[in-house]
Every structure is written in structure tokens, then in C-alpha cells.
1. Counting only protein chains, not ligands or nucleic acids, how are Val5, Val102 ordered by accessible area (probe 1.4 Å), most first?
2. Given Ser107, Val79, Trp36, which one lies farthest toward the positive end of the charge dipole of the chain, if we put +1 on the Cβ of every Lys and Arg and -1 on the Cβ of every Asp and Glu?
3. With all protein chains present, how much of the accessible area of the stretch 14-122 (probe radius 1.4 Å) comes from carbon and sulfur, to the nearest whole percent?
4. Tell me, what is the per residue accessible area of the chain in Å², probe radius 1.4 Å?
5. Rounded, prolate or oblate for the chain? Axes are the square roots of the Cα gyration tensor eigenvalues, ordered a ≥ b ≥ c, and the cut-off for rounded is a/c under 1.5.
6. For Lys43, what accessible surface area do you get with a 1.4 Å probe? Give it in Å², rounded to 10.
7. Tell me whether the stretch 22-75 comes out rounded, prolate or oblate; compute the Cα gyration tensor, take square roots of the eigenvalues as a ≥ b ≥ c, and use a/c under 1.5 as the rounded threshold.
Amino acid sequence: QVQLVESGGGLVQAGGSLRLSCAASGRTFSSYVMAWFRQAPGKEREFVAAISWTGGTTYYTDSVKGRFTMSRDNAKNTVYLKMNSLKPEDTAVYYCAARRTVVLQISNYDYWGQGTQVTVSS
């Protein structure tokens, strides 16, 4: 079992930055592929980014490439999402997710956090 708690959301102006954090419980955190998803009002939840066990490999959806950076600190059981050049269309609830696998993937995650709201004003 893994429990995930996100933090770091808030209100920011377009062009600004935020860093989200996701703290995970459990001794085997380093065995999990981690991901960020988001859900905007009236839309389905969508994949944002994923990171491998070691943090050496990352994958991003096209709309955030070059603006968002995902990282992890296995010693702290924490993953991060640094978001730069934010746009109003990035407004959403952001969720952290985990799956015990060796393959980066954009769906079928087993554990989810409660989400943190990110609002980008124009």
C-alpha cells in the first residue's frame, strides 16, 4: 500500500511558476513509477508526466513539454512537478499517482492522492 499526499498548489498569474510536491508513505517508494495527472472543470482527467524508479527517465504530455519538469527524491519519498510559464489552460486539480512497475505509462495507476488545486489567472 502507498499513500500519497500532494501539496504546493495555489493561485498564480499567467507566466508564473509553482512547484507541486507529492509525499509518499511506504518503504518501497523507489520501486514505483510515479506520475502526475490533472483534471480541469468539466474535462476528463489527463496524464501530465511520469518518472522512472531512479528518476533518470521522464515522459511528458506534449502540452507541458519544455515548461514542466518532474523529479523525485527517493530518500525523502517525494516527487515534484516544477511548473514554469504557466497558462490559464493549466488550471486544474493536479493528482499524484503511483504504480509498482518498471514501465513508464500514461494510465492504469494503482494509487492516487487527493489532489491539489492549481489556478492560473490571465
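The values are calculated or read from the model by the stated rules, or taken from the named source; none is laboratory data. Note that the coordinates shown come from a computational prediction; the quantities given were computed from them, not determined experimentally. Heads up, the Cβs are rebuilt from the backbone with ideal geometry, glycines too, and the neighbour counts pull from every protein chain shown. Surface areas here come from the heavy atoms of the whole protein model, side chains and all, with no ligands, DNA or RNA. Shrake-Rupley method; radii C 1.70, N 1.55, O 1.52, S 1.80 Å.
1. On the way: Val5 85, Val102 115 Å².
Heavy-atom accessible area, descending, gives Val102, Val5.
2. Val79
3. On the way: 2530 of 5460 Å².
Whole-percent figure for carbon plus sulfur exposure: 46.
4. Numbers: 6330 Å² over 122 residues.
Dividing the accessible area of the chain by its residue count gives 52 Å².
5. In terms of gyration-tensor shape, prolate.
6. Near enough 130 Å² of accessible area.
7. On the way: a/c = 2.78, a/b = 1.57, b/c = 1.77.
Oblate is the answer for the stretch 22-75, as a/c is 1.5 or above yet b/c matches or exceeds a/b.
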